[in-house]
Structure formats: structure tokens, C-alpha cells
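Read through the structure below, which is laid out as C-alpha cells, and then see the notes.
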There are 4 protein chains.
Amino acid sequence: MKNLLSKLMQESRKNASNGRIADYIPELGKANPTDFSVSVVTMDGEITQAGDTNTSFTMQSVSKLFSLALALELLGPQVVFLKVGMDPTSEPFNSILKLEISDSHKPMNPMINAGAIAVVSILPFETSREKFEAVLNLIRKMAANADINVDEKVYLSEKLTGDRNRALAYFMKSTGEVSGEVEHHLDAYFRQCSITVTTKDLAVMGATLAANGVCPLNRERVLSPLTCRTLRAMMITCGMYNGSGEFALRVGIPAKSGVSGGILATVAERMGIGVWGPSLDEKGNSIAGIDFLEKLTKELELKSI
Amino acid sequence: MKNLLSKLMQESRKNASNGRIADYIPELGKANPTDFSVSVVTMDGEITQAGDTNTSFTMQSVSKLFSLALALELLGPQVVFLKVGMDPTSEPFNSILKLEISDSHKPMNPMINAGAIAVVSILPFETSREKFEAVLNLIRKMAANADINVDEKVYLSEKLTGDRNRALAYFMKSTGEVSGEVEHHLDAYFRQCSITVTTKDLAVMGATLAANGVCPLNRERVLSPLTCRTLRAMMITCGMYNGSGEFALRVGIPAKSGVSGGILATVAERMGIGVWGPSLDEKGNSIAGIDFLEKLTKELELKSI
Amino acid sequence: MKNLLSKLMQESRKNASNGRIADYIPELGKANPTDFSVSVVTMDGEITQAGDTNTSFTMQSVSKLFSLALALELLGPQVVFLKVGMDPTSEPFNSILKLEISDSHKPMNPMINAGAIAVVSILPFETSREKFEAVLNLIRKMAANADINVDEKVYLSEKLTGDRNRALAYFMKSTGEVSGEVEHHLDAYFRQCSITVTTKDLAVMGATLAANGVCPLNRERVLSPLTCRTLRAMMITCGMYNGSGEFALRVGIPAKSGVSGGILATVAERMGIGVWGPSLDEKGNSIAGIDFLEKLTKELELKSI
Amino acid sequence: MKNLLSKLMQESRKNASNGRIADYIPELGKANPTDFSVSVVTMDGEITQAGDTNTSFTMQSVSKLFSLALALELLGPQVVFLKVGMDPTSEPFNSILKLEISDSHKPMNPMINAGAIAVVSILPFETSREKFEAVLNLIRKMAANADINVDEKVYLSEKLTGDRNRALAYFMKSTGEVSGEVEHHLDAYFRQCSITVTTKDLAVMGATLAANGVCPLNRERVLSPLTCRTLRAMMITCGMYNGSGEFALRVGIPAKSGVSGGILATVAERMGIGVWGPSLDEKGNSIAGIDFLEKLTKELELKSI
């Protein structure tokens, strides 16, 4: 496995220079386009890694999985999917179009920004601090890593420049989709986007999802099987933004990407995979990351569809 | 298996009366809303059925799978996906919106009407008759049933009332996405939509997809494994129109629905499933059909994600 | 007046080379970009001209005024504005977007293609030939010129390449906005677009509108005052496509443009103006034509707002 | 004139009960639907009134005219129309759609909310307080009424509930259309919307516009003729939101409406008209107000087109 990962990692890294680093959050623009790392965690807790595995990065949209998981566990799917749809969309992750032209004004799904903000808005905690800490806590348990924390610089950079997200949130407030203090919801959202992890962390989280909620490192139950299945279903249809169809075709396993270049992938009852390469395609997904996952799923026959 | 199918079929049939029969093609409006049938074909060719399995119905959008398969086999994915996207959309199956506002003017994917018409337009045959016959021939082989044929009444009804499809096709002609004679492409498209099958036929086709292209009834190779994987990937993200996310969550296996109420579902290396119930939800999918598939995948642990 | 026209014409002609000849109808692409002519007809029937006034051109969208006028006279505003809106739009003249996303599916106004086709579709004649001839006849009377006729080459070119208009028409048929034979409606529409005139003809027609329906050349009543006021109102808000606001600001008189480069303008109780310069801005309006009208309205203090 | 106004006022008031009071700003919801008043000011400064002329109301969107006027005077049209378009739109006044799908991301015109906020954002003052005071000052001069002031309750209500406007403003910030502090711009905007006037004030302002910038009550120059012409042109094509075409047809003079039910209308070199009736049609314009203006322009032959 170690040799396979190293080999595929080398091959995929070559594609990194074709894309673009996300720079709309200024702090993200500082990443090195050729950095690349991959980690795999199997059901027996074995960890295999290759590349710049010590480098950490912020979770960005990957964190949407866990605010959704928390909402599902605390409120149940009925309540959550009253606020947010569950169908994929062809609009970009930060689009506002469908909020206006759809009859329900409901965000299409919890994997795009509007949907994720709506989910954060209904997390049943008093303050944005508590919301965030509950998400952080869940992420730490998913990854069996109590040291996971926020990158304050990225958080402040997000907060300062997150005007598109403000537009989405205020629009949903104006249609009644979101209630309460918009800036508080956004604060929790910006913080969770700025949680810093390594590909090992992502792989452990992916393995916990693959194991239907029990972390393979310490055998602790973190999520219910139903929540894990729900996340995997959302990932396969909506996890790679408006590139989810191409990803299903090329890779064919549930995955969630973030604009920092991280991807968390999961293969039910087999493994979790973490990949990171900050150079992105025009849909906001890591170029080298997708390339690696395509090769890996072919080599190991992981395709679940 | 027989008992399980009968039991689940009885339960799901109860939901049929909640929906609406498609009536925009007048001939479809004549269906009986409480008709319902299910068929399962496993990898060893065993067939199990329940319900009104002798009643046949037209394939409608299910046929999109096989014009796509034919294009993939004859032209290769590179050529096909130059003409049509591969990502899911939140617009309804007959929407024209994205053809205008997307920069490429390319239909989003081959499972919506615009995409399917674009695919038919590039099938490498001289006449619309030949295009259609090649698709029909493929469908007969997929189902190992040489008697499959067109319902001429439905075909004429489609042709007479297919103005939304004409709008889509002429729009694509105006942007250069489609070339040649629009009415010829539409003729082939209307004919393939009007191909008449039973749930057994759908189940055999689904089993052939599950077996990576070899029909389990007669062990003949009909499609390449790559084409089968491509179809399954398109089905999981786009197969149930703009209800594909909810379907992935509730059912979690690749499937393609048609407005006549048929659904073809497939579980790689396990089975093909055909369901038919003409009463539809507001996205155009069979209500009882989805309900049955949800129950069956739970009972048999078929979820592939 | 003669000297003024010549002077302004010379100045405006200089801008002609900045734009682009419409080439989506192949026959139109043959025009000479620096051709330019202007004609003015006052209420006493005096005609003043300058430039290439012998060159004729097709009316294109200018003809929309007269199919609308005919519908208003024969059916009354109530019936006409049940089928077509009366408000300006920011979408281009050939856009289909609003037909899908507006609740009524009604074309926004009779000055964009969809609206004009809807108007032609309700003209109360048996055949497309009769519809067209009634429009042609009205145009001949408006211009007091019985020799006005169709350019058959342009008509055939339009018919051959008018796929965007077909898309609009079939879309409206699918939503019930248009009934009857789409190709017949389009045939009448393509023919009226191909009616050939000179700027003198346009100026006389504009003068007839300015005189509330009585042609200043022969004192014959052609239209009712109400229809003339309705046309002038539609012209001021919608006559220059999605450039109508800028035109109101720069020029400030009712006008209707066509993609052949013609503009018919009218100043109530003062004059009609015809301009023609085939080089267009990106909204489809004659660059030199607008420039000339801006200068003329300033010189003669014609602005009506 | 007095008798005419009274008669027409009585007739138009009957239609008031058909509409709906704007209630999205809670304070506006308290208006009495059958209140109605009209005022006319001619070029010689004569004032004629009828109805509840002592009742005051907030200007709402009517104020957009004067922040635009101020920007035009201080920055010139070139600078202003770089930030905001000048063409009418078929989208509602608070729509965000075109900000996303238009290539320029520029608001369509200064008469819709997005455009007005963009105009306020570029007013060349340090603080939002100064911006607002400059607009208020201009309005006082236009109306020759130094007592005009803000309704603090309405202002606070707007500020509290103005989330759709926040969405528009943050969206424009995210695309670079707006810079600086969004909440400051909105504060100035909410304040100017809450400026309280009577129909007499509106009529004097309209008369000042009609007189090309010189107030007929005190002969003071307030605006340049160019700015007045620009405002009148924007009013005729965009002043009544997405009902501007119908208004041009029925009434045919430049006007600007607000959701409090006020309308400021102007007839170049003849008169200014103020109308107020809080019951609105579905586009946000005063039902009785439009009815009155239609009758008045017919009686006095005011139509300028």
C-alpha cells in the first residue's frame, strides 16, 4: 500500500501546476501549488501516507459534512431537510440564483455555501461560539485527534472578505429561510471553515464514516449509521460542487472537497482517504487530488457504483 | 425472494394514489394509477417478479441510457462528453434555462431531455430510422428480448405534442450544439421514448449493466465494462432528474426513471431491478417505485454508497 | 434642414466602423458597414434626406411595430396584451430565459422576438400568407409606397437559419402561449422581417405615427390615434431592445431598431425619421444611427421627455 | 384645475381597496389603504391640491431620484454610469438574479434597489451621515421646504428588516461593484428612504425637474438641466419598476414610485405632480395613484410620447 500511494502520489502531483490556488480568501492564496499529500486509513485502523503529510490546511467546505452531521444527530433528518434540500445543483458553490428563482427559496443542498449556512443557523445552541465548539468537538472525535484547532488568521481573513456568504445569508434571512443573527451564524461558519487538519485527519474521519460511525483508531462510536449513510449519499451526488457528476464517473466514491485543496473520501466498510493539493480546477476541486483518487480507486477497485 | 417482492410490492402500491399520471403526452394519461409491478434479475439469471408483470409500458427517459450507451460505444466518451456535460442539475428534465445562461450552452448531462437529444443527434447513422433501429437493437440485446418494439400510438402522440423538446433542440441548433435536421433527431428520440417493455425487460437490462455488459440470461456481451460504469455513474448522480439527491439518500443505488412510471435500477455485480407504477411525484418519478426500491435496498442491504 | 442632415450624417458616419454587421442571418452579413442614410418627413409632408438614400435594406425588427399595430387594430389592446406583456426587459431580443422562469410564461413585450412571434400567431387570418399580406399592406399604407416588397433571398436565409426563433415559438407552444402551426407563424414572421425599405419609407411611416395615424403624404388615415400612442409608448420603453434606457437618456424619442441597421423614430406631431447604418453595437442597434439621432434631437430640441 | 383634481381624485380613490399595503417594512403596514391625496405645481408656481394633503408619508424609492441626482451633479454621468447601468429590467425592484448572471455584475439601473445602493455607495462624502444629509439637503431644496425630515421609526424599521437590501449590497461588495462599509451605505440608504413628505412636496420637486432644475416657488437653481433630463429619461423607462412599460402606455409621462404609495411625476416645462395612495399593485406601485395619473394626463393632454 505504501508503495502504491507513493507511486500514485508522484504521478498525480505532476498535474498540480495546471490549476489555480483559491485566492478570494487572501490567506489561502499563500499556499504552495505543488504541495501534495495523501493518507489512507483502513477499517482495522492502519494508516498509510505519502507526500507532505506534515503540512496542515484548513478544512473549508469539508467542514460542511460535520455541521450537517451534528444537525442530523441533534435535530433529525426531518427537521434538517425542511430547511435545506437534498438534490444536486449545476450552480457554483457560492451561487445565489436558485435562492431567488426556486419557489421554496430553500438552498438546494447542504454541500453548497447557502445550504451549509442554513444548517449552521439551526444548530441548537445559544451562541455561535457554542455552535462552533460542538462542530469542532465532533471533528476531533471523528479524527480521534484532540489537537485539531482553528487557524485564527484564516478565520479572520474569511470573516473580513466573506461578503458573498453574507449575501447568501441575508438573502435567506429576507425570505425567512434563516432566522436569528446572521453575523453570528456566519461567525460559526467562518470558524469551522478555518479548522486546520492534515490528510491523516481527513482519512481518519473518512474511515469513521466508512465504518458507519465508529472510529477505527479507538473504536468509539461518534455518529449513528443513519447519519453516516446520509452523509455518504450527499457526498456522492453533491460533494464535489457542480463537478459531482464528473467525479462520480471518474472516481465513483463519496467525497467532499474544500477550496483549500483538501478532499475527504470514504469507501463504505473499506477505508477513509484524505488528499490535499491546493491547485484547483475551475469548479473549486483539487486537480491533483481528483487525479490521485481516480488512480487509487482503479488500482484498488474501490468504485462503489 | 418471491415472498419478499410480493410483500414489499403490496406495501408500496398503497402510495400510488398520492401522485399524478403524466398527461402532457396524451397517450400516457390513459394509464391506471394503481397498476404496479416489480421484477428482479440476479447475476445467475434468476428472475423473480410480482404484481401486474404482464402489463407493458413505454420506456420514456429510461431509453436515454441506451442511446447514451450506443454513443459511448461507437464514438467514445471523449466525443460524447464534448457535446454533453456530465454533472447533475437542479433544473427540471425539460428546462431550457441553463442552455441559455451557461457559457458553453452545453446541456448539463445526458439524462435530461436536452442532453439526450444532443446525444441522439451525434449517433453516427445516416437517417433517423437507422439511429432508432440501432438503439432498439441495443435495447433488445440488453433485455435478451427480440420482441421489444415501439408503441406507435405513443410515438405519434409524442411527436404531435413534443413542442418543449422541439424548443430544446432548436435552441441547441441555434447555438451550434446540435447540427443536422432537428426533426430527424427528434423523430429518433420520440421513437426510442415509445419503446414498450415490461418490468422483466427493465430488470434484465439492469442486470446486464450490473454484470458489466454481459447479459445474465444468455451470457452475451452487449456493452463494454467502461460504458456500464459510465452509465451507473450518470444514473447515481443524474438518473432521477432533479430528485437524484433524495433518491441517493433514500435508496442509494444507480437508477433511471421515465415519466411512464418505469424505473430501471442496477446493483453492480448483484442484480437488475425493474419497477413500474405510473403515479408520479412532482419531479416525474414513480412514487410507489421509489418506495419499493427504498424498502428492497434496506431489506437486501443493496446500498452501494 | 438639408444642410443640417448632411452635416450630422457626415459626423455620425465616422462611428460606423466601430461596430459589427449582423451575420447570424447570412444574407445580412453582406452589407457595407460604412453605408449610411437618413431621411426626415415632417407633418406637412416635406421630405429631407442625406446619404445613401437609394440603398434599401430589410426591416427586420422594425416590422414588429406593424404586426403589433395590425393586431391592436383588429383585436384590440385587451386581447393583444393578454398574450404579450408590455414591460421592458433586460434580456437580449432573442432570450428564452424569462419564458421559462416567469410565472405566466408570457413574452415580456411585443418588441422582442418571442413577443413579436406571439403577436403574429394571433393575427386573425387563416393562412400565414394572408397574415403576411395584411402586414405588408399596412406597411405600404404607412409609407404611402405600394412598391414595398419582400427580399426573397433574405427571407429564405432567415427561414433557413431561424432556429432561435423556432426555439422561442415551440417553447411558447409548449406552454400554451402560442397555438396553431408554429412553422406557419414563423413563415409570416420571417417574411415580414424581410420586407425591404429605404430610410424615406421609414421616415414616412414614422411621420404617420407622429401624426396619430394619418399619413402626411396623402392625408389618408392608416391607424387609429390610440394604436399610434400605444406604439410610441412601447417604442420609448422597449424599442431599442435592452438598450432602451440608454437610448431614452441619449436621444429621448420613441424609436424602433432592426438588426439590418435601420431605425424608425417618431416625434409626436412633429416628424418621422428614418436612419440606416448596418454597423451595430452589442445590443443590436445601429451605432451611427443612434449617434445621428442623438445629434439631431439635440439640434432640433426634439426630446419628448 | 381645483375642480378637476377633486373629481379625478374621487374617482381614483375607489380603486384603492383593490391592492395591498406594503408590509415588509412593518412601519409601512400601518397606513390606511383608502387615504389618497394629489397635488399639482405648475411652472408659475401655482399649487393645486385635493384629498388628504396634510398626511405625510415616507419617500421610499422616490428618494432614489435624488441620490442619483446628487451623484450626477458631483461626479458626472461618466463616473455614475460606470457603476450602474441605464437600461430597464423585467426583474422586480429587489431582485438579485441579474447581479449574478450578467457578465458585468453591474446593477441594471439606478431605480432598482441594487442600483440605488450602488449610487449611494459612491457619493463623495466621508461618512454615511454626510451622505444622507447631502441627499436630504437636495430634497429640501427641490421641494423648497426646509422642514422635510426623517421618520425615525420607519428608518429603524427599515434598518431592522432590510435584509434583502443587505443581500444586494454584500453581493455587490463580493463582486467589487461596491467598496467600503456596506452597513454605512445601507444606513444612508435606509435614512433617505425614510424621509417624510407630502404630495405637495413631491409636486414641487416634480415641478423643479420639469423646469430643468429651477424651483418654480423661489426661482432658485437646484439642479443642472442635464441632470434633470437624465432623471426624466431614467423615470420614463425605469421609474415604475418592472411596470414601467405599462405605465408609459397608460400614462406616458416620467414618474417615480415608492412602496409607501407615493408617486412623483413630471411633465417637462409644464408641471410637477405628487400623488399618494398606499394601496399597491403587485409590482409595488400605487393603484389609485396610477389611475389618477392616467385620467389627469388624458384630461390635460400631458402625454409626452
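The values are calculated or read from the model by the stated rules, or taken from the named source; none is laboratory data. Worth saying up front: this structure is predicted, and the values here are computed from it rather than measured. Neighbour counts are summed over all protein chains in view; Cβ atoms, including those assigned to glycine, are modelled from backbone coordinates with ideal geometry.
Table for the structure above
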| quantity | calculated |
| --- | --- |
| Answer residue from the range A:238-261, given it is under 16 Å from A:Asn113 (Cα atoms) and among the aliphatic types (A, V, I, L, M) and is farthest from the other protein chains (Cβ to nearest Cβ) among those | A:Val259 |
| Matching entry among C:Ser224, C:Ser260, C:Ser304 (being under 29 Å from C:Lys30 (Cβ atoms), in contact (Cβ under 8 Å) with a residue 12 or more places away in the chain and not acidic (Asp, Glu)) | C:Ser260 |
| Residue within the range B:107-126 that is of a type in the set (Phe, Trp, Tyr) and in contact (Cβ under 8 Å) with a residue 24 or more places away in the chain present | no |
| Residues satisfying the stated conditions in the range B:72-88, i.e. surrounded by fewer than 24 Cβ atoms within 10 Å (Cβ to Cβ), over 20 Å from B:Leu136 (Cα atoms) and in contact (Cβ under 8 Å) with a residue 40 or more places away in the chain | B:Pro77, B:Val79, B:Lys83, B:Asp87 |
| Residue check, A:Phe93 outside any helix (DSSP H, G or I), crowded, with 20+ Cβ neighbours inside 10 Å and either among the hydrophobic types (A, V, I, L, M, F, W, C) or modelled with pLDDT of 95 or more (or both) | yes |
| Among residues of the range C:193-214, those that are surrounded by fewer than 24 Cβ atoms within 10 Å (Cβ to Cβ), hydrophobic (A, V, I, L, M, F, W, C) and in contact (Cβ under 8 Å) with a residue 40 or more places away in the chain, counted | 0 |
| Candidate set: the range B:30-54, residues that are in a loop (DSSP other than H, G, I, E, B) and of a type in the set (A, V, I, L, M); chosen: the one nearest to the chain's Cα centre (by Cα) | B:Ala31 |
| C:Thr55 vs. criteria over 22 Å from C:Tyr189 (Cα atoms) and without any contact (Cβ under 8 Å) to a residue 60 or more places away in the chain | no |
| Restricting the range C:167-186 to residues that are out of contact with any Ser or Thr (no Cβ under 8 Å at 6 or more places or on another chain) and facing another protein chain (nearest Cβ under 7 Å), the residue that is nearest to C:Pro26 (Cα to Cα) | C:Tyr170 |
| Flag if C:Met235 is surrounded by 24 or more Cβ atoms within 10 Å (Cβ to Cβ), facing chain D (nearest Cβ under 9 Å) and over 25 Å from D:Ala69 (Cα atoms) | yes |
| Members of the range C:198-232 that are within 14 Å of chain D (Cβ to nearest Cβ) and touching a helix residue (DSSP H, G or I) at 6+ places or on another chain (Cβ under 7 Å) | C:Leu209, C:Asn212, C:Thr227, C:Cys228, C:Thr230, C:Leu231, C:Arg232 |
| Condition check for C:Lys303: surrounded by fewer than 24 Cβ atoms within 10 Å (Cβ to Cβ), out of contact with any helix residue (DSSP H, G or I) (no Cβ under 9 Å at 6 or more places or on another chain) and either farther than 15 Å from C:Lys64 by Cβ or among the β-branched types (Val, Ile, Thr) (or both) | no |
| Residue list for the range B:82-99, restricted to those being more than 13 Å from chain A (Cβ to nearest Cβ) and either of a type in the set (Gly, Ala, Ser) or closer than 24 Å to A:Cys238 by Cβ (or both) | B:Asn94, B:Ile96 |
| Residues of the range D:12-60 that turn out to be acidic (Asp, Glu), touching a helix residue (DSSP H, G or I) at 6+ places or on another chain (Cβ under 7 Å) and either more than 21 Å from D:Ile139 (Cβ to Cβ) or modelled with pLDDT of 95 or more (or both), as a count | 1 |
| Hits in the range B:262-278 (condition: hydrophobic (A, V, I, L, M, F, W, C), within 14 Å of another protein chain (Cβ to nearest Cβ) and either within 14 Å of B:Met240 (Cα to Cα) or surrounded by fewer than 24 Cβ atoms within 10 Å (Cβ to Cβ) (or both)) | B:Ala265, B:Ala268 |
| One residue from B:Met205, B:Met240, B:Met234 being touching a Pro at 6+ places or on another chain (Cβ under 7 Å) and not hydroxyl-bearing (Ser, Thr, Tyr) | B:Met234 |
| Qualifying residue in the range C:193-200 (condition: within 30 Å of D:Arg232 (Cα to Cα) and assigned to a helix (DSSP H, G or I)) | yes |
| Residue in the range D:9-24 that is of a type in the set (S, T, N, Q) and part of a loop (DSSP other than H, G, I, E, B) present | no |
| Selection status of C:Ala114, crowded, with 20+ Cβ neighbours inside 10 Å, more than 14 Å from chain D (Cβ to nearest Cβ) and under 30 Å from D:Ile112 (Cβ atoms) | no |
| Close pairs from the range C:58-71: first among the β-branched types (Val, Ile, Thr), partner part of a helix (DSSP H, G or I), Cβ under 6 Å, at least 6 apart | C:Thr58/C:Val154 |
| Residue, surrounded by the most Cβ atoms within 10 Å (Cβ to Cβ), within the range B:146-164, restricted to residues that are out of contact with any helix residue (DSSP H, G or I) (no Cβ under 6 Å at 6 or more places or on another chain) and part of a helix (DSSP H, G or I) | B:Thr161 |
| Answer residue from the range A:279-300, given it is surrounded by 18 or more Cβ atoms within 10 Å (Cβ to Cβ) and of a type in the set (A, V, I, L, M) and is farthest from A:Ser244 (Cα to Cα) among those | A:Leu296 |
| Cβ pairs under 6 Å, 6+ apart, first in the range B:14-41 and without any contact (Cβ under 8 Å) to a residue 12 or more places away in the chain, second part of a loop (DSSP other than H, G, I, E, B) | B:Gly29/B:Asp23 |
